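Take a look at the structure set out below.
The values are calculated or read from the model by the stated rules, or taken from the named source; none is laboratory data. A quick note: this is a predicted structure, and the numbers were derived from the prediction, not measured. Every residue, glycine among them, receives a Cβ derived from its backbone with ideal geometry; neighbour counts consider all protein chains shown. Only protein heavy atoms, including side chains, enter the accessible area calculation; ligands, DNA and RNA are left aside. Shrake-Rupley method; radii C 1.70, N 1.55, O 1.52, S 1.80 Å.
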Amino acid sequence: MKTKILILLFCINTSVMVYAQTGSAINSVKVATVVNRDVKNDIWATVQSTDVTVLPQNIVNPMLSQVSVKKLKVKSINDGTTIAFLIEWIDSTKDVIVDVDKFCDQLAIQLPARPDTLPVFMMGNKKGRVHIIHWKAVWQNDIENGFRDVKEAYPNYWADTYPMAEKQSDGSNGKFASDIKVLDYSKTEGRNFLPGAYAGNPMSIFDRRDPSEECVAESYGTLTTQTSQNAAAWGSWDNNTWKVIFTRPLVSPDKNDALLNKPTKIAFAVWNGQFENISGKKQYSQWIDLNIQN
C-alpha cells in the first residue's frame, strides 16, 4: 500500500511540474493614460503581447480532459496609478447565457498576495493567499441587455400564485404576475422572497455595475468574495475572438488586494461555455513573471 501511495504522489507532482510556463514574462508598459473598456484603442497596438499557454485542469474534480482554448495573448499597460491587462483568445461562440444546459464564457487573473513566498498556482494554499479578479460573460450581458428574468428565459411560463402580485405592503394595487420583474422585488419588501439578495449574496446581484468579482483564496474550495471591490473588467467578442480588459489600482488600500508596486507573478484561467466549462473544468496557466514599468 505504501508503494502505491508513493507512486500516486510522484504522478501528481510530475503533472504539476509539467504546467510550468517558462521563458516568458508579461511587461506592463508605462503610458500616459490607461484605457478601461476600449479593446480597440490604438494604444494596445503599441504594446507587445505575451503568449500564455493554458492546459486542462486535471488535478482535482471536476476535471477537464482536454483544452478548447490553447493559449491567451496578454498585454499590459499602467499609468503609475492604475494597471490594465488586455487578454485575448480564440472562441468560435459567444456564450453569455447560463441555464440548465448552458454555460457562459469566463476569464480570471490571479495574483499572489506575497510574491516573496509564492503560493501554489492552483488558487493558493493554506497561509499562501491569492487575489483573483473574475470576469463572467453572463454578468456583462445582464449589464448590456438587462437582467435576464424568468419571462425572458421562459416566455411561455405560467405562475398560478405569485407572492405580492395582488397587494403591495403600503396597500396600493400590486402587479399581475406577468408584469412583475425581479428588480421590483429586490428593492422592496419582496426581498423576503429572494433570500440570496436579502442576505447580500454577491451571486444574487440583479443590477450589476461591473461584470467582475474580486476574491481571495487559500486553495481550491476556499474562494471568498472581497468586501471591497476595487477592480473592473469589460469584454468584447468579435470575429471569433474574445478580448477582455481588467483594470485595478497598482496599490490598493484594501489589505486583501495584491500589491503591484514591484515585480510579481500572475496566472490565468479561462472557461469556454460551449464545452460546458464550469467551476474546476477550466484551462489554466502556471505562474508567469509580471514586470511593471514605472
State all residues of region 80-122 that are surrounded by fewer than 18 Cβ atoms within 10 Å (Cβ to Cβ), at pLDDT below 95, not in a loop (DSSP other than H, G, I, E, B) and not acidic (Asp, Glu); if no residue qualifies, say none. 117
Taking only pairs six or more apart or across chains, which ones have beta-carbon atoms under 8 Å, a first residue in region 37-58 that is at negative phi and surrounded by 17 or more Cβ atoms within 10 Å (Cβ to Cβ), and a second residue that is part of a helix (DSSP H, G or I) and β-branched (Val, Ile, Thr)? 55/18
Just one of the numbered conditions (1) at pLDDT 90 or above; (2) in a loop (DSSP other than H, G, I, E, B); (3) out of contact with any helix residue (DSSP H, G or I) (no Cβ under 6 Å at 6 or more places or on another chain) is not true of residue 20; which one? (1)
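Please work out which residue is nearest to residue 124 (Cα to Cα), limiting yourself to region 23-75 and to residues that are small (Gly, Ala, Ser) and at pLDDT 95 or above.
Quick first cut of region 23-75, residues small (Gly, Ala, Ser) only: 23-25, 28, 32, 45, 49, 65, 68.
Subsequent filtering for residues that are at pLDDT 95 or above retains 25, 28, 32, 45, 49, 68.
Working: 25: 20, 28: 23, 32: 34, 45: 33, 49: 26, 68: 25 Å.
My answer is 25.
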Just to be sure I understand the filter: pairs with C-beta atoms under 8 Å, separated by 6 or more residues or on different chains, first member in region 218-246 and touching a residue at least 24 places away in the same chain (Cβ under 8 Å) and closer than 19 Å to residue 278 by Cα, second member open to solvent by 30 Å² or more (accessible area, probe 1.4 Å) and of a type in the set (Gly, Ala, Ser). Which pairs pass? 242/236; 244/236
I'm trying to understand the selection: among the residues of region 65-75, which are open to solvent by less than 50 Å² (accessible area, probe 1.4 Å) and out of contact with any Leu (no Cβ under 9 Å at 6 or more places or on another chain)? 68, 69
Go through (1) of a type outside the set (Val, Ile, Thr); (2) modelled with pLDDT of 95 or more; (3) open to solvent by 40 Å² or more (accessible area, probe 1.4 Å); (4) more than 21 Å from residue 226 (Cβ to Cβ) and name the single condition residue 125 misses. (4)
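Please determine whether any residue of region 175-193 is assigned to a loop (DSSP other than H, G, I, E, B) and either in contact with a Cys (Cβ under 6 Å, 6 or more places away or on another chain) or at pLDDT below 60 (or both).
First, pick out the residues of region 175-193 that are assigned to a loop (DSSP other than H, G, I, E, B): 175-176, 180-181, 187-188.
If we keep only those that are either in contact with a Cys (Cβ under 6 Å, 6 or more places away or on another chain) or at pLDDT below 60 (or both) as well, we get 175-176.
Scanning region 175-193, I find at least one residue that is assigned to a loop (DSSP other than H, G, I, E, B) and either in contact with a Cys (Cβ under 6 Å, 6 or more places away or on another chain) or at pLDDT below 60 (or both), so the answer is yes.
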